[in-house]
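Down below is the structure, laid out as structure tokens.
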Amino acid sequence: MSTAAAQTPELAVFSKDIKSLGLNPLWERTVSQKPGSPCQPNHWKWRDLKPQLLRSCELIGTKDADRRVLMLENPQMPGSSFIANTLFTGLQIILPGEIAAAHRHTPNALRFVVEGEGAYTAVGGERMMISPGDFIVTPNWAWHDHGNIGSGPVVWMDGLDSAFTKFFGATFREDHPDEIQTLDRAEGHSAAAFGSALLPVDYALGQAASPLLKYPYARTLEALHHLYKSQPLHASHGVKLRFANPANGKHPFPTMAAFMQFLPRGFAGKPWRTTENIVFNVAEGSGVVVISGERFAFSAHDVLVAPSWCDFAFHADEDCVIFSYSDRAAQEALGFHRDEAI
């Protein structure tokens, strides 16, 4: 932590004189040289969230709301729409027969399906049916719309890097001329082309976001359980996998990373901290996580945030599967990322 220089009468006059020129002396400021953010850890319980999501369905439709989403805002950032400095998180609900009309925007977006069957999302001309636990990629500036052809409501978590586009002044959004985009690729196209450790021979490398649009929960769960049986647990993370862009092995987005981890019943993780801002969504199970000394007892579908450089440790009361996403991709690209066991 740097400290402000000792003030003298002459320096005080100088500081006053230069203010009219839009100048301010650095030596009068206290500049932090420590990691972390002003955001605080927080916990949103599904038992509180679900009734409010259902209540919103009684009050507003998708045609008026565009997207019926409840934003999860960090208590230290009211009015910002962000759960942490760099991340947006919202819970979206869609009822049977509803359509969330097609649009596109510069922020990248992910979906993690929380509850319900019968909904689809269409991304870049391809429609995908989605189920709980699925991780969905919506790349920057790709047309996307959603619909529910099932018999009950469907809820998913939206995660966006809109804080980055806001920071750079590069947020753009456009509505599609039609409510539903034209589907010009067969359902399952991206999985066939990119989901089997194969690539089309003419695929152009260097695209920013993953060309694989859906990472099915069943396949992710199978991989976690196989590794649980065949390798030692990580002392802090249990069994943890990161979702990868199959074309280059990098993260699914240039700014955001996504993960799934398995914590067996009785697991007591050692504290870990990282410069990442991390959002957790509990797919299955219950337990306790301690973030910066604060204890949160979680259960299925709860959402938690661990801001940058806040140490956290998971304890599993029963088998747990936890999805998370963070700004790790951007931090790694910029050379900022750090993490460590404590």
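Here, each number is a calculation from the coordinates, and none is a lab measurement. Because the structure is a prediction, the values reported are computed rather than measured. Cβ placement follows ideal geometry from the backbone for every residue including glycine, while neighbour counts extend to all protein chains displayed.
Distance from the Cα centre of segment 26-58 to that of segment 216-252, in angstrom?
Going from one Cα centre to the other spans 27 Å.
Counting Lys +1, Arg +1, Asp -1, Glu -1, what net charge surrounds T255 among other residues with beta carbon under 13 Å of its beta carbon?
On the way: positive: K166, K250, R328; negative: D161, E276, D327, E332.
Net local charge, T255 excluded: -1.
Which shape class, rounded, prolate or oblate, goes with segment 42-341 when its Cα gyration tensor gives a ≥ b ≥ c as root eigenvalues, a/c under 1.5 marks rounded, and past that a/b bigger than b/c marks prolate? Walk me through the numbers on the way to the answer.
Values: a/c = 1.41, a/b = 1.24, b/c = 1.14.
It comes out rounded by the Cα gyration axes.
Using Cα centres only, tell me the gap between segment 61-76 and segment 161-176 in whole Å.
Between the Cα centres of segment 61-76 and segment 161-176 lies a distance of 17 Å.
Decide, for segment 226-325, between rounded, prolate and oblate: order the square roots of the alpha carbon gyration tensor eigenvalues as a ≥ b ≥ c, take rounded if a/c falls under 1.5, and otherwise choose prolate if a/b is larger than b/c, else oblate. Please list the in-between numbers first.
On the way: a/c = 1.68, a/b = 1.22, b/c = 1.39.
Cα axes put segment 226-325 in the oblate bin.
For segment 93-174, what's the radius of gyration and Dmax over Cα atoms, in angstrom?
12.9, 42
Going down the table (K166/K240; K50/K229; K45/K240; K63/K250), which pairs top 25 Å between alpha carbons?
On the way: K166/K240 31 Å; K50/K229 35 Å; K45/K240 23 Å; K63/K250 37 Å.
The pairs that break the limit, which is 25 Å between Cα atoms, are K166/K240; K50/K229; K63/K250.
Run the Debye formula on the Cα coordinates of segment 170-217, all scatterers equal and no solvent, and tell me log10 I(q)/I(0) at q = 0.21, 0.24, 0.29, 0.32 1/Å.
Calculated log10 I(q)/I(0) at the listed q: -0.95, -1.02, -1.13, -1.22.
Calculate for the chain the 222 nm mean residue ellipticity that helices alone would give, adding -39,500 (n - 2.57) per DSSP H run of length 4 or more and normalising by residue count, nearest 500 deg cm²/dmol. All intermediate terms of the calculation are to be shown ahead of the outcome.
Working: 7 runs with 63 residues, N = 342.
About -5000 deg cm²/dmol.
Please work out how much length the chain gains when fully extended from A333 to A204, using 0.36 nm per residue of separation minus the C-alpha to C-alpha distance, in nm with one decimal. Don't skip to the answer; put the middle values down first.
On the way: separation 129, 0.36 × 129 = 46.44 nm, distance 2.08 nm.
Stretched fully, the A333-A204 segment lengthens by 44.4 nm.
Hey, what angle do you get for helix 46-59 against the long axis of the chain, alpha-carbon based, 0 to 90 degrees rounded to 10?
Compared with the principal axis, the helix lies near 70 degrees.
Take the alpha carbon atoms of segment 136-219, find their radius of gyration, then divide it by 2.2 N^0.38 Å using N residues; give the quotient.
Values: Rg = 15.4 Å, N = 84, 2.2 N^0.38 = 11.8 Å.
Computed over Cα atoms of segment 136-219, the ratio equals 1.30.
Can you find, among I278, P51, T8, the residue sitting farthest towards the positive end of the charge dipole of the chain, where Lys and Arg contribute +1 and Asp and Glu -1 at Cβ?
T8
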